[in-house]
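The values are calculated or read from the model by the stated rules, or taken from the named source; none is laboratory data. Small disclaimer: the values here were computed from a predicted structure and weren't measured. Virtual Cβ from ideal backbone geometry, glycine too; neighbours counted across all protein chains shown. All accessible areas refer to the heavy atoms of the entire protein, side chains included, with ligands and DNA or RNA removed. Shrake-Rupley method; radii C 1.70, N 1.55, O 1.52, S 1.80 Å.
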Amino acid sequence: MDDALVERVLRVVELVPAGSVVSYGDVAAAVGTGPRQVGRIMAQWGSEVPWWRVTNAAGQLPEALLPQARRRWQAEGIALLPSGRGCRITVHRWPDEQLYRAAVAVAAEVRALSSVEAETGC
């Protein structure tokens, strides 16, 4: 997996504010990859970022994550679906324009960091 892509995805997820939710596809479109890659990155490296703010397009997460996600959603004021299997992403979705602005800023930071690392050999 491309380290720069992993860094971009995780940094964008860190910027999703409390009380907001985005889909794997939202993050993917913002950083220039596919939703499955975002899901894979979140599964492998997402435990240190607010992973409960990234769901599928229907606002759902894998069953094993739901008990912890529900507690976090409730603490942040994110409404649950009537089924309890996810959150109301249509109500709490972080606006696309804010997500894209965050992704552009993150991409610039990651490029700058990569340039410095390339120059210094670190």
Compute the length gained on full extension between Leu80 and Ala112: take 0.36 nm times their separation in residues and subtract their Cα-Cα distance, giving the result in nm to one decimal. 7.6 nm
Which distance in Å, rounded to a whole number, links the C-alpha centroids of the stretch 1-21 and the stretch 38-60? 9
Within the stretch 19-91, list the trypsin sites (Lys or Arg not before Pro) lying in a DSSP loop whose Cβ has at most 16 other Cβ atoms in a 10 Å radius. Arg85, Arg88
Give the carbon-plus-sulfur fraction of the accessible surface of the chain in %, rounded to a whole number; probe 1.4 Å, heavy atoms of protein chains only. 52
Per residue of the chain, what 222 nm ellipticity follows from adding -39500 (n - 2.57) for every DSSP H run with n ≥ 4, rounded to the nearest 500? -18500 deg cm²/dmol
Helix 3-15 against the longest principal axis of the chain: what's the angle in degrees, Cα atoms only, rounded to the nearest 10? 50
Under 5 Å between amide hydrogens, which residues at least 5 positions from Thr55 or on another chain qualify, with H placed 1.01 Å from N in the peptide plane? Val22, Ser23, Tyr24
Rounded, prolate or oblate, given the Cα gyration tensor of the chain, with a/c below 1.5 counting as rounded? prolate
Tell me the net charge near Trp94. Cut-off is 9 Å between Cβ atoms, Trp94 excluded, with +1 for each Lys or Arg and -1 for each Asp or Glu. 0
Per residue accessible area in Å² of the chain, where ligands, DNA and RNA are left out and the probe is 1.4 Å: 55
Could you calculate the contour length gain from Thr90 to Asp2, that is, 0.36 nm times the residue separation minus the distance between their Cα atoms, to one decimal place in nm? 28.6 nm
Mean separation of Cα contacts under 8 Å (6+ apart) over length of the chain, as relative contact order %: 32
